[in-house]
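Data first, discussion second: the structure below is written as structure tokens.
The values are calculated or read from the model by the stated rules, or taken from the named source; none is laboratory data. Not measured: the values here are computed from a predicted model. Cβ placement follows ideal geometry from the backbone for every residue including glycine, while neighbour counts extend to all protein chains displayed.
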Amino acid sequence: MYAKKFELKLSNQERSKMAQCAGYARFVYNYGLSMVNGTSAMTKVNKSGQKVSLSYALRILEAKKVFTNYVKKQPEYAWANNYSSRVYQSAFQHLGEAFKPK
């Protein structure tokens with residue numbers, strides 16, 4: 001068995017953009033994690049009017065909805081619109097993978 005080693009030859013501008021995207025993904029991941037952990041008693045009312053505790057997957061989905069519909073629209077987070085939506089979507093996917101039972 002052998003391995004091949006590859007290296008990206010990035011310009012300073014490309015290197016800076018990659019670091020910014022990584023920082024944004026980390027920000028989103030930590031934001032989602034704090035919402036999921038901070039809402040340990042997160043409940044939703046079902047159709048029959050009963051309160052139901054949400055699983056981690058549903059909590060992450062709710063955190064993603066809040067981030068997309070509320071946080072990104074705040075003026076102090078206007079910088080987040082400079083990055084692709086794939087960056088924050090993958091951060092929430094990785095958060096979901098972290099909570100999957102093994």
Of the listed residues (Ala41, Ala3), the one being surrounded by fewer than 10 Cβ atoms within 10 Å (Cβ to Cβ) and at pLDDT below 90 is Ala41
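How about region 13-27: which of its residues are basic (Lys, Arg) and either over 18 Å from the mean Cα position of the chain (by Cα) or more than 14 Å from Tyr88 (Cα to Cα) (or both)? So that I can check it myself, show each step before the final result.
First, pick out the residues of region 13-27 that are basic (Lys, Arg): 15, 17, 26.
Arg15, Lys17, listed by residue number.
So that you can scan it fast, the table gives a plain yes or no per residue for (1) in a helix (DSSP H, G or I); (2) over 14 Å from Tyr83 (Cβ atoms):
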position: Lys5; (1), (2): no, yes
position: Gln20; (1), (2): yes, no
position: Gly23; (1), (2): yes, no
position: Asn30; (1), (2): yes, yes
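Based on what the data block shows, is Asn46 modelled with pLDDT under 95, under 17 Å from the mean Cα position of the chain (by Cα) and not hydroxyl-bearing (Ser, Thr, Tyr)?
Working: modelled with pLDDT under 95: yes; under 17 Å from the mean Cα position of the chain (by Cα): no; not hydroxyl-bearing (Ser, Thr, Tyr): yes.
For Asn46, the condition - modelled with pLDDT under 95, under 17 Å from the mean Cα position of the chain (by Cα) and not hydroxyl-bearing (Ser, Thr, Tyr) - is not met.
Any idea which residue in region 51-72 is farthest from Glu97 (Cα to Cα), counting only those that are basic (Lys, Arg) and at pLDDT 90 or above? Steps first, please.
Initial filter on region 51-72 (basic (Lys, Arg)): 51, 59, 64-65, 72.
Checking the rest, the ones that are also at pLDDT 90 or above come to 64-65.
On the way: Lys64: 14, Lys65: 18 Å.
The extreme case among them is Lys65.
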Result of the Cβ filter at 7 Å on region 87-98, keeping first residues that are modelled with pLDDT under 95 and partners that are of a type in the set (A, V, I, L, M) and loosely packed, with under 14 Cβ neighbours inside 10 Å, at least 6 apart or interchain, is Gly96/Ala57
